[in-house]
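*Asks:* Here's a structure for you.
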Amino acid sequence: MRMIGAGKRDNFEYRLLTTFWTVPNLITVCRFLLVPLFIWQMVTLHYGWATLTLVILGSSDWIDGYAARRLDQISTVGKWLDPVADRVALIVVASTFVATEIAPAWLVVAIVIPDLILIINTLVLFRGSPHLKVSNLGKIRTALLLIGTPFLLLGNTNWGKGTMLGDIATWTLAVACVLHVVAAVQYFVQAQRKAKLLKSGTI
């Protein structure tokens with residue numbers, strides 16, 4: 001089974017639905033709802049449950065994409081809602097980790113600053129979503145971030161302390177943050193290029 005583009009049907013013409021009520025979109029909404037639950041678990045020091053919540057957060061990102069392609073339920077709403085859910089989850093999780101001293105400050109800096117630059121760039125150029133295709137690099141980056149954060153948290157539990165989980169998580173997140181910056185630069189360049197093409201009437 002392919003991990004990137006899982007559920008894709010070869011030689012199949014997908015529809016583009018305009019309704020909000022699809023299975024993938026409902027999964028994405030559940031991902032939004034898990035974010036405040038995660039914050040509460042971290043504040044109350046329930047690290048084990050918080051780890052489980054992070055695992056569900058990460059897997060739901062893969063599941064909703066799989067469902068959209070497998071069930072032929074790709075929608076205009078899902079095209080912007082899913083990336084927004086990813087960004088919100090990553091920013092909140094990283095900020096919570098730093099605030100609770102689970103992770104160093106560079107984790108937030110590497111994630112939040114590139115995202116803020118992209119958001120400002122998008123609002124200035126398009127007044128909304130630029131509808132850029134998510135690159136494989138961006139998908140790998142997101143996967144590493146959603147894998148590394150549960151391992152980092154698990155390394156701070158009574159069971160994980162003294163093991164290599166913390167080191168593995170730190171290196172995974174470091175690689176993910178580098179890819180995050182590279183992907184952000186790519187999206188920035190793509191947005192600038194698309195804005196110029198739109199202005200010239202080429203597309």
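*Asks:* Within region 95-123, track down each residue that is touching a residue at least 60 places away in the same chain (Cβ under 8 Å) and of a type outside the set (A, V, I, L, M, F, W, C).
*Replies:* PRO114, ASP115, ASN121, THR122
*Asks:* Looking at (1) crowded, with 19+ Cβ neighbours inside 10 Å; (2) charged (D, E, K, R); (3) within 18 Å of ALA50 (Cα to Cα), which is the only condition GLU101 fails?
*Replies:* (1)
*Asks:* Next question, about the same structure. Just wondering, is there one or more residues in region 45-59 that are among the aliphatic types (A, V, I, L, M), closer than 27 Å to GLY160 by Cα and without any contact (Cβ under 8 Å) to a residue 12 or more places away in the chain?
*Replies:* Yes, region 45-59 has at least one match.
*Asks:* Could you check how many residues of region 29-57 are open to solvent by 20 Å² or more (accessible area, probe 1.4 Å) and not hydroxyl-bearing (Ser, Thr, Tyr)? Full working, then the answer.
*Replies:* We begin by selecting, within region 29-57, every residue open to solvent by 20 Å² or more (accessible area, probe 1.4 Å); these are 29-30, 32-34, 36-37, 39-40, 43-49, 52, 55-56.
Still in the list and also not hydroxyl-bearing (Ser, Thr, Tyr): 29-30, 32-34, 36-37, 39-40, 43, 45-46, 48-49, 52, 55-56.
Here the count works out to 17.
*Asks:* Could you say whether any residue in region 129-142 is part of a helix (DSSP H, G or I), in contact with a Gly (Cβ under 7 Å, 6 or more places away or on another chain) and open to solvent by 30 Å² or more (accessible area, probe 1.4 Å)?
*Replies:* Just the residues of region 129-142 that are part of a helix (DSSP H, G or I), to begin with: 136-142.
With in contact with a Gly (Cβ under 7 Å, 6 or more places away or on another chain) added as a condition, the list becomes none.
No, every residue in region 129-142 fails to be part of a helix (DSSP H, G or I), in contact with a Gly (Cβ under 7 Å, 6 or more places away or on another chain) and open to solvent by 30 Å² or more (accessible area, probe 1.4 Å).
*Asks:* Just give me the residues in region 124-165 being free of Cβ contacts under 8 Å to residues at least 60 places away in the same chain, of a type in the set (Gly, Ala, Ser) and farther than 20 Å from VAL77 by Cα, in sequence order.
*Replies:* Once the filter is applied, which keeps residues that are free of Cβ contacts under 8 Å to residues at least 60 places away in the same chain, of a type in the set (Gly, Ala, Ser) and farther than 20 Å from VAL77 by Cα, region 124-165 yields GLY148, GLY155, GLY160, GLY162.
*Asks:* Output the number of the condition that LEU165 fails; it satisfies all remaining conditions of (1) farther than 16 Å from SER135 by Cα; (2) of a type in the set (A, V, I, L, M, F, W, C); (3) surrounded by 17 or more Cβ atoms within 10 Å (Cβ to Cβ); (4) under 16 Å from the mean Cα position of the chain (by Cα).
*Replies:* In the conditions (1) farther than 16 Å from SER135 by Cα; (2) of a type in the set (A, V, I, L, M, F, W, C); (3) surrounded by 17 or more Cβ atoms within 10 Å (Cβ to Cβ); (4) under 16 Å from the mean Cα position of the chain (by Cα), LEU165 misses (4) alone.
*Asks:* Under 7 Å between Cβ atoms, which residue pairs at least 6 apart in sequence (or on different chains) link something in region 178-203 that is open to solvent by less than 80 Å² (accessible area, probe 1.4 Å) with a partner that is polar (S, T, N, Q) and not in a loop (DSSP other than H, G, I, E, B)?
*Replies:* Close Cβ pairs satisfying both conditions: PHE188/ASN121; ALA191/ASN121; ALA191/THR122.
*Asks:* Can you name every residue in region 113-150 that is under 14 Å from LEU173 (Cβ atoms) and of a type outside the set (D, E, K, R)? Can you show your working first?
*Replies:* The initial filter retains those residues of region 113-150 that are under 14 Å from LEU173 (Cβ atoms), namely 140-150.
Selection gives ILE140, THR142, ALA143, LEU144, LEU145, LEU146, ILE147, GLY148, THR149, PRO150.
*Asks:* Taking VAL84 as the residue in question, decide whether it is closer than 30 Å to ARG15 by Cα, free of Cβ contacts under 8 Å to residues at least 24 places away in the same chain and surrounded by fewer than 16 Cβ atoms within 10 Å (Cβ to Cβ). Reasoning before the result, please.
*Replies:* Working: closer than 30 Å to ARG15 by Cα: yes; free of Cβ contacts under 8 Å to residues at least 24 places away in the same chain: yes; surrounded by fewer than 16 Cβ atoms within 10 Å (Cβ to Cβ): yes.
Yes: the conditions hold for VAL84.
*Asks:* Which residue is nearest to HIS131 (Cα to Cα), if the candidates are limited to region 63-74 and must be over 16 Å from the mean Cα position of the chain (by Cα) and open to solvent by less than 70 Å² (accessible area, probe 1.4 Å)?
*Replies:* Across region 63-74, the extreme among qualifying residues is ILE74.
*Asks:* Could you say which residue among VAL98, VAL134, VAL109, VAL77 is under 14 Å from the mean Cα position of the chain (by Cα) and hydrophobic (A, V, I, L, M, F, W, C)?
*Replies:* One residue alone meets the criteria, VAL134.
*Asks:* Ok, one more. Using beta carbons and a limit of 8 Å, which pairs, at least six apart or on different chains, have the first residue in region 12-35 and touching a residue at least 24 places away in the same chain (Cβ under 8 Å) and the second one open to solvent by 50 Å² or more (accessible area, probe 1.4 Å) and in a loop (DSSP other than H, G, I, E, B)?
*Replies:* If the second residue must be open to solvent by 50 Å² or more (accessible area, probe 1.4 Å) and in a loop (DSSP other than H, G, I, E, B), the pairs left are THR22/LEU71; VAL23/LEU71; PRO24/LEU71.
The values are calculated or read from the model by the stated rules, or taken from the named source; none is laboratory data. Treat the numbers as computed from the prediction; the structure is a model and nothing was measured. Positions of Cβ are generated from backbone atoms using ideal geometry, with glycine treated the same way; all protein chains shown enter the neighbour counts. Note: accessible area is taken over every heavy atom of the protein model, side chains too, but ligands, DNA and RNA are not part of it. Shrake-Rupley method; radii C 1.70, N 1.55, O 1.52, S 1.80 Å.
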